[in-house]
Amino acid sequence: MNITEKILARASGKSKVSPGDVVFVNVDKVMIHDVSGPGVIAVFEKLKKKGMKIEKLWNPDKVWVAEDHFVPAADKISAQNIVSLTNFTKQFGIKKHFKYGMGQYGICHTLSHEEAMVLPGEVYVGGDSHTNTTGALGAFAAGLGHTDVAYVLLNGKIWFKVPETLLFKLNGKLPDHIMAKDLILKIIGDIGNDGAAYKTMEFGGTGISEMSVEGRLTLTNMTTEAGAKSGIVEPDQKLRDYLAARGATKYDEVHGDADAQYEKIYEYEGSEIEPTVAKPFSPENISVARDLSSIELDKAYIGSCTGAKLEDLQAAAKILKGRTVKIRTEVLPAAISIFRKAMDEGLLKIFLDAGVVVGPPTCGACCGAHMGVLAKDEICISTTNRNFPGRMGHVESQTYLASPLVAAASAITGKITDPRDLK
Amino acid sequence: MKPFQKIKSIATPLDKVNVDTDQIVPKQFLKLIQRTGFGQFLFYDWRFEREGTPIKNFILNDPKYANSKILLARDNFGCGSSREHAVWALDDYGFKVLVSTSFADIFYNNCFKNGILPIQVSVDVLQKLFSTKSEIEVDLEEQTIKADNISVSFHIEPHWKKILLEGLDDIALTLQHEAEIVKYERSHKI
């Protein structure tokens, strides 16, 4: 069995599972945020109206809550939703609620690794489609709808059909001007928006061993854009060190067997990956950055669970240091812990000196909800994960998805720019 | 949840690929916490001008499709955010059957929780459905789609069929039936 099959087998008390089997698995962790939380509350209300008594959750210690989509509160309704969410966590005794303005908080998928909320070998579900991100910690991580999350909150279990696994092997290290983002855009371009529908995307090979945990998180984050059920990377010493630095040392790792089966194996040579950009209006619509050098931009956005981890900010700072941006540029670290490290390392000064505005962690602009949305016909280069029509604002705005290196280089020139071409 | 009945209706042909859940229910409506009444926000940014005037050439605003219960769309319908509001809006608007060549996973699962039948068909079948002038009849019991120019069967996982036909979408009911679902699924392996 491969790692995904072994995790699902263990969580369902079976010695062996195969793709296509339906298994009821015990869930180790579940996450809700300020969109899915109120959605779950609505489902609970409907059940109560039908006469079901809901007095306690299956295990409040395994539930955690993020405030990320509409913080800082975008308007009166979102402010009220945060109050509802807070009442919910109090009512059911959920202790891990990362509150805006009270120390560590941030985007849910970033907290999952920054706070080691999920550990290798676990089954983790969340009320958000990018829950896949956390699979880079060697866990089975998948997003669910509100009704399913409500079910898990009450029962601690959920059924899954064991997915087929596609293995993506990266041979050799990525060059310095290339980031994990370029690789995953290339992969999505190759297999398409639904190329991994209901499948697991596993990443392995020497290039992945060489890659940082944060880079791996970029890969698994965007498996959602290929329709994947989950994304995963096998645990190794790099992951153990990463988790130990965040206080987590006790967990039960799972590794694939030597004869693990995959539906298909894709091979990529690290040295052949180019700075890659996804054009509007789909992540599969890729091009090499150099072919888009005539595209004039209005904005550069460096934020989100995909593109505002510490390494993403370091990469952007490397480009922005000593230069000045030509277009409106925003950097929003994905969590307060990352914000603090960026401050300690002097990155924030580099950003401010370059003319960039630095903002608080939020999903706001990435999903076009608030905190810097796009006007009609505006064009943005962004380190985020989606560029469907209107994703970052007006339905006739445009988003190009890119790595932090490409986004920062483009911020300097005002046009889509390969970082190697920056003078 | 009401048991799923045979549906006969004119189909609304939405000729778009990669319709993501943010098109189905734009983000500005996610803040609303009630579970009902989302139909008015369905495809909002495609359906209405800023002032709320209907955009004439958008298919849902064509009076011909006013009572349509079947929505046809191209590849990868329901991709993007996992927001269940998308399904709530389709259901509230009146769509009970969705037909596409592929659906995004979380969206697909959310459909069954809310009594909506998503049907995956081949490109050829979808094309025929797009070009039919007649009503389309969807029979879940028989797993068939019929129109004047086509009659085909479709695939659906046995447990999803059971849940829809018996109206078992409720969490409480699903709980009671957990053991049965597993048993049923095991005996109906495809």
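The values are calculated or read from the model by the stated rules, or taken from the named source; none is laboratory data. Being a predicted model, the structure only gives us computed values, none of them experimental. Glycine gets a Cβ as well: all are built from the backbone with ideal geometry, and neighbour counts include every protein chain shown.
Could you please let me know if B:Ala86 is more than 14 Å from chain A (Cβ to nearest Cβ) and aliphatic (A, V, I, L, M)? Answer is no for this residue. With respect to A:Ala334, determine if the residue is over 23 Å from A:Glu67 (Cα atoms) and buried (at least 24 other Cβ atoms within 10 Å of the Cβ). The answer is no for A:Ala334. Each residue in the range A:305-322 was checked for being of a type in the set (Lys, Arg) and either assigned to a loop (DSSP other than H, G, I, E, B) or in contact with a helix residue (DSSP H, G or I) (Cβ under 7 Å, 6 or more places away or on another chain) (or both), and 2 of them qualify. If you filter the range B:1-44 down to residues that are away from every other protein chain (no Cβ under 13 Å) and part of a loop (DSSP other than H, G, I, E, B), you find that the one that is nearest to A:Val71 (Cα to Cα) is B:Leu42. Within the range B:62-77, the set of residues being touching a strand residue (DSSP E or B) at 6+ places or on another chain (Cβ under 9 Å), over 17 Å from B:Glu137 (Cβ atoms) and either β-branched (Val, Ile, Thr) or in a loop (DSSP other than H, G, I, E, B) (or both) comprises B:Asp62, B:Arg74, B:Asp75, B:Asn76.
Sort out which residues of the range A:367-389 are small (Gly, Ala, Ser) and either over 26 Å from A:Lys309 (Cβ atoms) or more than 9 Å from chain B (Cβ to nearest Cβ) (or both), and write them in order of number. The answer is A:Gly372, A:Ala375, A:Ser382. Considering every residue within the range B:108-125, establish whether at least one is modelled with pLDDT under 95, within 13 Å of chain A (Cβ to nearest Cβ) and assigned to a loop (DSSP other than H, G, I, E, B). Among the residues of the range B:108-125, at least one is modelled with pLDDT under 95, within 13 Å of chain A (Cβ to nearest Cβ) and assigned to a loop (DSSP other than H, G, I, E, B), which makes the answer yes. Among the residues making up the range A:300-317, those that are buried (at least 24 other Cβ atoms within 10 Å of the Cβ) and not hydrophobic (A, V, I, L, M, F, W, C) are A:Tyr301, A:Gly303, A:Ser304, A:Thr306, A:Gly307, A:Lys309, A:Asp312.
Of the residues in the range A:253-271, not one is assigned to a loop (DSSP other than H, G, I, E, B), outside the structural domain of A:Met201 (by TED's automatic domain parsing) and farther than 30 Å from B:Phe77 by Cα.
Scanning the range A:20-53 for residues that are within 21 Å of A:Met1 (Cα to Cα), assigned to a loop (DSSP other than H, G, I, E, B) and over 25 Å from the mean Cα position of the chain (by Cα) returns A:Gly20, A:Asp21. Within the option set A:Gly307, A:Gly303, A:Gly322, being in contact with a Ser or Thr (Cβ under 6 Å, 6 or more places away or on another chain) and closer than 14 Å to A:Ala411 by Cβ holds for one residue only, A:Gly307. Considering the range A:76-150, the qualifying strands (runs of 3 or more DSSP E), each wholly inside and each with 1 or more residues that are in contact with a Ser or Thr (Cβ under 9 Å, 6 or more places away or on another chain) and among the aromatic types (Phe, Trp, Tyr), run over A:123-126, A:140-143. Remark: pairs (first residue in the range A:375-402, more than 25 Å from A:Ile273 (Cβ to Cβ); second residue assigned to a loop (DSSP other than H, G, I, E, B) and aliphatic (A, V, I, L, M); Cβ separation under 7 Å; 6+ apart in sequence or on different chains) = A:Pro389/A:Val395; A:Met392/A:Ala365; A:Met392/A:Val373; A:Gly393/A:Val373; A:Gly393/A:Ala375; A:His394/A:Ala375; A:Ser397/A:Ala375. Against the conditions (1) surrounded by 15 or more Cβ atoms within 10 Å (Cβ to Cβ); (2) away from chain B (no Cβ under 11 Å), A:Lys46 satisfies every one except (2).
For B:Ile190, are the conditions met, namely being surrounded by fewer than 23 Cβ atoms within 10 Å (Cβ to Cβ), at pLDDT 90 or above and within 14 Å of chain A (Cβ to nearest Cβ)? Spelling it out, it is not the case that B:Ile190 is surrounded by fewer than 23 Cβ atoms within 10 Å (Cβ to Cβ), at pLDDT 90 or above and within 14 Å of chain A (Cβ to nearest Cβ). Sub-8 Å Cβ pairs linking a first residue in the range A:232-259 that is hydroxyl-bearing (Ser, Thr, Tyr) to a second residue that is at pLDDT 95 or above and part of a loop (DSSP other than H, G, I, E, B), at least 6 apart or interchain, are A:Tyr251/A:Leu119; A:Tyr251/A:Pro120; A:Tyr251/A:Gly121; A:Tyr251/A:Glu122, ordered by first then second residue. Cβ-Cβ distances below 6 Å connect the following pairs, each with a first residue in the range A:200-220 that is aliphatic (A, V, I, L, M), a second residue that is outside any helix (DSSP H, G or I) and surrounded by fewer than 24 Cβ atoms within 10 Å (Cβ to Cβ), and a separation of six or more residues or different chains: A:Met201/A:Leu166. Among the residues making up the range B:117-140, those that are surrounded by 15 or more Cβ atoms within 10 Å (Cβ to Cβ) and among the β-branched types (Val, Ile, Thr) are B:Ile119, B:Val121, B:Val125, B:Thr132, B:Ile136, B:Val138.
Of the residues making up the range A:85-94, none is buried (at least 24 other Cβ atoms within 10 Å of the Cβ) and either among the aromatic types (Phe, Trp, Tyr) or not assigned by TED's automatic domain parsing to the domain that holds A:Val22 (or both).
Quick one: would you say A:Ser112 is out of contact with any His (no Cβ under 7 Å at 6 or more places or on another chain), among the polar types (S, T, N, Q), farther than 30 Å from A:Ile3 by Cβ and touching a residue at least 24 places away in the same chain (Cβ under 8 Å)? Criteria not met by A:Ser112. Taking the range A:54-75 as the range and being in a loop (DSSP other than H, G, I, E, B) and of a type in the set (Lys, Arg) as the test, only A:Lys56 passes. Here B:Lys96 meets each of (1) of a type in the set (Lys, Arg); (2) within 14 Å of chain A (Cβ to nearest Cβ); (3) touching a Phe, Trp or Tyr at 6+ places or on another chain (Cβ under 8 Å) with one exception, condition (2). Here the range A:344-366 is the region considered, the condition is being assigned to a loop (DSSP other than H, G, I, E, B) and surrounded by fewer than 24 Cβ atoms within 10 Å (Cβ to Cβ), and the residue that is nearest to the chain's Cα centre (by Cα) is A:Pro360. A count restricted to the range A:140-157 and to residues that are facing another protein chain (nearest Cβ under 7 Å) and under 8 Å from A:Val125 (Cβ atoms) stands at 3. Just to be sure I understand the filter: pairs with C-beta atoms under 9 Å, separated by 6 or more residues or on different chains, first member in the range B:122-135 and under 12 Å from B:Ser100 (Cβ atoms), second member surrounded by fewer than 15 Cβ atoms within 10 Å (Cβ to Cβ) and acidic (Asp, Glu). Which pairs pass? Once the first residue is under 12 Å from B:Ser100 (Cβ atoms) and sits in the range B:122-135, its partners that are surrounded by fewer than 15 Cβ atoms within 10 Å (Cβ to Cβ) and acidic (Asp, Glu) give B:Phe130/B:Asp15.
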